[in-house]
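Okay, structure first, notes after.
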Amino acid sequence: MILQALYNYYQQKAADKESGIAPQGFEWKEIPFIIVIDNEGNFIALEDTWKGNAKRAEVYLLPKGVARSGSNAWMTSNLLWDHYGYVLGMPRSNEAKSVDMAKKQLCTFIEKVRFLPESLVEDDGVAAIISFYEKGEYKRVSCSDRWRDCLKVIGCNMSFRLESESCLIPCRPNVRAYVDSLEMNARDEDGCGVCLLTGRYEPIARIHSDTPINKDSKKIVSFQKNSGYDSYGKEQAYNAPVSKSAEFAYSTALNALLARNSKNRVQIGDITIIFWAEMTSELETLFPSFFCFPSPDDSEVDVRAVAALKSEACSSFTNSAPTRFYVLGLGPNAARIAVRFWHESTEGKIAAAIRQHYEDIDIVRSNYDTGHYSVYWLLSAVAVENKIDNIPSNMASQIVRAIITGEAYPSMMLHQTVLRIGAMRNVRRMQAGILKACLNRSCRINSFKEKEAISVSLDEANTSTGYLFGRLFAVLEKIQEQAVPGIKSTIRDHYYAMASSTPKTVFPQLLKMKNYHLEKIKVRGLKRKYEKLLTEIIDRISPDIPSALTMEEQARFAIGFYHQKSDLNKSLIIQ
């Protein structure tokens, strides 16, 4: 269960001060701009918290933001921090509706500050904020030199700091003590129930917290009234009760894993993958390298990670005591966060599945091939224009799931790769590896013993029709290249798509053309070599050339072409 695993992760990390997990009632929040005031509430300056060329602002431990939704969301504000609509009454646009909403949000924020308990109002920082609004000093903030920069951040979060102090006012000891007291005294007998995660009778969270993902914030758990989910007189979250403390724990853990600087997060297109282990794990360190785009500062990180997985690391994962490992794939959706996939297993099994994946896609490469392995390059090889954003979300998530579970790759993966090769009229190393992996894994899982497995390099014993035609096409192209040195457009550029799908319409003509090309080859012994190779391949092919090849045979055609071309290039280098 996802929520249970996240709840356990919070309990595991909450005791670790270096984990960055916020205590109950608080959250780590990015605050791009700070309003500096003096003890009398006078506006001093508007400061930004970006340091140098940093792409993100400073993060502070603040009172946890309240969940709000619906048409009356403006009636709820955060404690001593919020976006500029609440803090300053500044609208997001000049539309009348937006201006009216900002005014109502500001009134809500001011009322919440004014009606804080007396013990908190006596705090110097809180008292200064109250004076700031009573004097109308908030109107002066928009005159600051940095106000335009603030407006560039849509829905920019803001808070306050006293001129004489370095910490924010919401971070002052009195404010923190007040938040702790709220958590200790929170009792809502009408909304209590048995929590599904803890089994304890506690106050139930009616609305679950938002989670930032892909420049947006949505809930991973949400409920609607009168939508078929209500039963036994229970509405919304009370029909699937999760206590407020458990909701805080799982949402805090999820936000920590999704943080921009999190080492447990990988972004692939619009899919965000988070992962974690029950205890310290070497796989947890290696995991991002299998999926992410290699950094310009370390372009070989994926190569080293695969090498480590294939050697000592994998054996240590398998032989050590089983450690639970979790992988969660999330994506944006219209109403809430979509769960693309969820996999829970031991790190040994997941490491073995990933290792098997890299063995499946391994294929002969040239001396100039960089040998990148990460899933980023795999998806790029399948995508139109090599942009992984062009891959359907369901396809990308199915591929990642197949890698970490050892299940069959999605059939769409093979089809899309064959189509990409046909459009490019060439076969790249990663594309050939993908086709090899799809075919071999399908045979292995479905026990198709009658179908020949694809080897890493050229297999002269392979009698598959598609594979043999691919080999034959590669030899014919190489003969043409030898006959016409420096040729810019070969038979591959003109005939690959038809040769790989409808060989009967193309190969009779190509075999006639090869006689003309062979006559032009003057290199000693080379002509005889090609004639012998052609004879060996043609003798294995049925006299009845098929009118069309299935998608699977087209994949074998591409691999045969790639294998034979690689072998011919290698033999020429040796000569």
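List of remarks:
- Only residues that are out of contact with any helix residue (DSSP H, G or I) (no Cβ under 7 Å at 6 or more places or on another chain) and at pLDDT 90 or above were counted across segment 326-338, and they come to 1.
- Options Pro173, Pro117; residue that is at pLDDT 90 or above, assigned by TED's automatic domain parsing to the domain that holds Asp38, within 41 Å of the chain's Cα centre (by Cα) and surrounded by fewer than 13 Cβ atoms within 10 Å (Cβ to Cβ): Pro173
Yes/no per residue for (1) modelled with pLDDT of 85 or more; (2) over 12 Å from the mean Cα position of the chain (by Cα); (3) of a type in the set (D, E, K, R):
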residue	(1), (2), (3)
Val266	yes, no, no
Phe275	yes, no, no
Ser315	no, yes, no
Asn319	no, yes, no
Arg340	yes, no, yes
Glu347	yes, yes, yes
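For (1) under 22 Å from Thr272 (Cα atoms); (2) β-branched (Val, Ile, Thr), each residue gets a yes or a no:
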residue: Met395; (1), (2): yes, no
residue: Ala423; (1), (2): no, no
residue: Ile445; (1), (2): no, yes
residue: Gly466; (1), (2): no, no
residue: Gln480; (1), (2): no, no
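- Residue in segment 520-536 that is surrounded by the fewest Cβ atoms within 10 Å (Cβ to Cβ), counting only those that are more than 27 Å from Lys436 (Cα to Cα), in contact (Cβ under 8 Å) with a residue 24 or more places away in the chain and out of contact with any Phe, Trp or Tyr (no Cβ under 9 Å at 6 or more places or on another chain): Val523
- Considering residues of segment 52-104 that are among the small types (Gly, Ala, Ser) and at positive phi only, the residue surrounded by the most Cβ atoms within 10 Å (Cβ to Cβ): Gly89
- Scanning segment 200-218 for residues that are charged (D, E, K, R) and modelled with pLDDT under 75 turns up Lys215, Asp216.
- Of all residues assigned to segment 146-168, none qualifies as being part of a helix (DSSP H, G or I), over 37 Å from the mean Cα position of the chain (by Cα) and loosely packed, with under 13 Cβ neighbours inside 10 Å.
- Within segment 450-475, restricting attention to residues that are in contact with a helix residue (DSSP H, G or I) (Cβ under 7 Å, 6 or more places away or on another chain) and free of Cβ contacts under 8 Å to residues at least 24 places away in the same chain, the residue that is farthest from Asn426 (Cα to Cα) is Lys451.
- Of the numbered criteria (1) under 22 Å from Met413 (Cβ atoms); (2) free of Cβ contacts under 8 Å to residues at least 40 places away in the same chain; (3) crowded, with 20+ Cβ neighbours inside 10 Å, the one Ile361 fails is (2).
- Of the residues making up segment 481-511, those that are assigned to a loop (DSSP other than H, G, I, E, B) and under 22 Å from Arg420 (Cα atoms) number 5.
- Pick from segment 538-564, criterion over 35 Å from the mean Cα position of the chain (by Cα) and assigned to a helix (DSSP H, G or I), ranking: farthest from Ala474 (Cα to Cα): Ile538
- The requirement of being in a helix (DSSP H, G or I), farther than 14 Å from Glu552 by Cβ and in contact (Cβ under 8 Å) with a residue 60 or more places away in the chain is satisfied by Lys478.
- Residue within segment 527-537 that is β-branched (Val, Ile, Thr), in a loop (DSSP other than H, G, I, E, B), out of contact with any Gly (no Cβ under 7 Å at 6 or more places or on another chain) and not assigned by TED's automatic domain parsing to the domain that holds Ile363 present: no
- Enumerated helices (runs of 4 or more DSSP H) restricted to segment 376-463, each holding at least 2 residues that are crowded, with 20+ Cβ neighbours inside 10 Å and acidic (Asp, Glu): none
- Test: residue in segment 219-232 that is surrounded by fewer than 22 Cβ atoms within 10 Å (Cβ to Cβ), out of contact with any Gly (no Cβ under 8 Å at 6 or more places or on another chain), outside the structural domain of Ala381 (by TED's automatic domain parsing) and at pLDDT 85 or above: no
- Some residue of segment 70-90 being under 32 Å from the mean Cα position of the chain (by Cα), touching a residue at least 60 places away in the same chain (Cβ under 8 Å), closer than 21 Å to Lys219 by Cβ and part of a loop (DSSP other than H, G, I, E, B): yes
- Apart from one condition, Thr465 fits all of (1) more than 23 Å from Leu439 (Cβ to Cβ); (2) under 41 Å from the mean Cα position of the chain (by Cα); (3) of a type in the set (Val, Ile, Thr); the exception is (1).
- Filtering segment 537-567 to residues that are touching a residue at least 12 places away in the same chain (Cβ under 8 Å), surrounded by fewer than 13 Cβ atoms within 10 Å (Cβ to Cβ) and over 27 Å from Gln416 (Cβ atoms) leaves only Ser542.
- Any hit, segment 65-85, residues being farther than 25 Å from Ala335 by Cβ and in contact with a Phe, Trp or Tyr (Cβ under 6 Å, 6 or more places away or on another chain): no
- Qualifying residue in segment 194-212 (condition: free of Cβ contacts under 8 Å to residues at least 24 places away in the same chain, part of a loop (DSSP other than H, G, I, E, B) and not assigned by TED's automatic domain parsing to the domain that holds Arg114): yes
The values are calculated or read from the model by the stated rules, or taken from the named source; none is laboratory data. The model shown is predicted, which means the values in this text are computed figures rather than measured ones. Reconstructed Cβ throughout: ideal geometry from the backbone, glycine too, with neighbour counts over all protein chains shown.
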